[in-house]
Amino acid sequence: MKLLYTVILAIALMVLLRGANYFLTLATRKKKIREYTLRVFPWIEVALWASYVFWVIHYWFYDSASYAVLSSTVAIVFILLVSWYVLRDILAGAVLRSDHSLETGLQIKTDILSGTISYLGFLSMEITTPEGERITVPYSRFNGQSITKKAAKGQGRNQSFKIVIPQHHGALNIEKRLKQKILELPWVIAEGEIKINMKTQEENYVTEISFYSIKEEMLNQTEEIIRKYVSETFKSVKGK
């Protein structure tokens with residue numbers, strides 16, 4: 001009899017959730033309300049199924065000596081699963097947005113897809129592809145992938161500054177290394193043109209570096225980073 005009640009309740013819960021999802025979709029005609037419902041309802045389903053599992057444990061093992069251990073074990077496993085699923089995307093998203101200065105309207109290209117960022121959430125990113133498709137991707141999917149940034153039309157900021165570098169390091173070597181270092185900076189638009197113009201002045205090159213940045217206020221930080229890189233990489237005296 002217990003088995004029959006358990007199966008009947010599981011079927012009833014499944015039918016109830018299916019029906020609720022269908023009628024909520026029909027009832028929410030406004031787009032924003034429908035999107036909110038579609039985001040929240042799956043978590044309601046998870047909560048109800050979790051409650052069902054704990055009810056089953058209580059129903060079958062309430063009089064058993066192992067009831068407390070079993071219910072505690074299931075609760076811990078459930079918490080660990082939810083934490084792993086949620087926290088991995090929250091942490092991956094924080095690292096990704098911080099390292100690459102991501103914002104809505106930015107065009108990106110990754111190993112799995114390319115398009116324009118239309119939404120940045122806590123757990124996922126929504127990307128609109130050139131074909132008009134809107135794809136939601138969990139942040140954890142981007143782990144270990146290269147991300148190329150390209151500003152949407154009108155967003156790129158052309159910036160430049162000058163720096164003095166000794167000639168004996170060679171013009172081609174200087175240009176190559178400077179471009180590599182500039183491209184490592186997350187706010188620099190990789191598909192924007194990077195220009196390295198060098199003019200001779202005594203034993204040095206007066207080097208003007210031009211690049212496109214997502215944010216105009218990053219110029220000072222860029223110059224500081226490059227000056228430090230130059231002082232460490234291109235020594236003033238040959239051989240030192």
### Between 0 and 90°, nearest 10: helix 67-100 axis offset from the chain longest Cα axis
20 degrees
### For the stretch 41-46, 3J(HN,Hα) per residue [Karplus equation, 6.51 cos²θ - 1.76 cosθ + 1.60, θ = phi - 60°, Hz, x = Gly/Pro]
4, x, 6, 5, 4, 4
### Task
Could you pull the accessible area for Trp84 with a 1.4 Å probe, rounded to 10 Å²?
150 Å²
#### Entry: Computed accessible area, Ser72, all protein chains, 1.4 angstrom probe, square angstrom
60 Å²
### Summary
The correct ranking of Lys2, Lys181, Lys228 by accessible area at 1.4 Å, largest first, is Lys228, Lys2, Lys181
### Message
Leaving out ligands, DNA and RNA, and with a 1.4 Å probe, what % of the accessible surface on the chain is carbon or sulfur?
### Response
58 percent
## Note on the structure
Here, Trp49 and Tyr5, labelled 7 Å along Cα→Cβ, have an inter-label distance in nm of 2.4 nm
## Note on the structure
FRET efficiency for Phe122 and Tyr22 from the Cβ-Cβ distance with R0 = 22 Å, rounded to 0.05, comes out at 0.20
## Note on the structure
Leu13 and Glu131 label points (each 7 Å along its Cα→Cβ direction) are spaced in nm at 3.9 nm
### Query
Can you tell which of Tyr212, Tyr139, Tyr59 shows the greatest fluctuation in a Gaussian network model of the chain with Cα springs below 10 Å?
Tyr59
### Query
Sorted by accessible area (1.4 Å probe), largest first, how do Tyr67, Tyr22 line up?
Tyr22, Tyr67
### Message
Sort Met1, Met14, Met218 by heavy-atom solvent-accessible area, probe 1.4 angstrom, most to least.
### Response
Met1, Met14, Met218
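The values are calculated or read from the model by the stated rules, or taken from the named source; none is laboratory data. Every value quoted in this text rests on a predicted model; they were computed, and no experiment measured them. No Cβ is skipped: glycine too gets one built from the backbone with ideal geometry, and neighbour counts run over all protein chains shown. When the accessible area is computed, the model is the full protein with side chains, heavy atoms only, and any ligands, DNA or RNA have been set aside. Shrake-Rupley method; radii C 1.70, N 1.55, O 1.52, S 1.80 Å.
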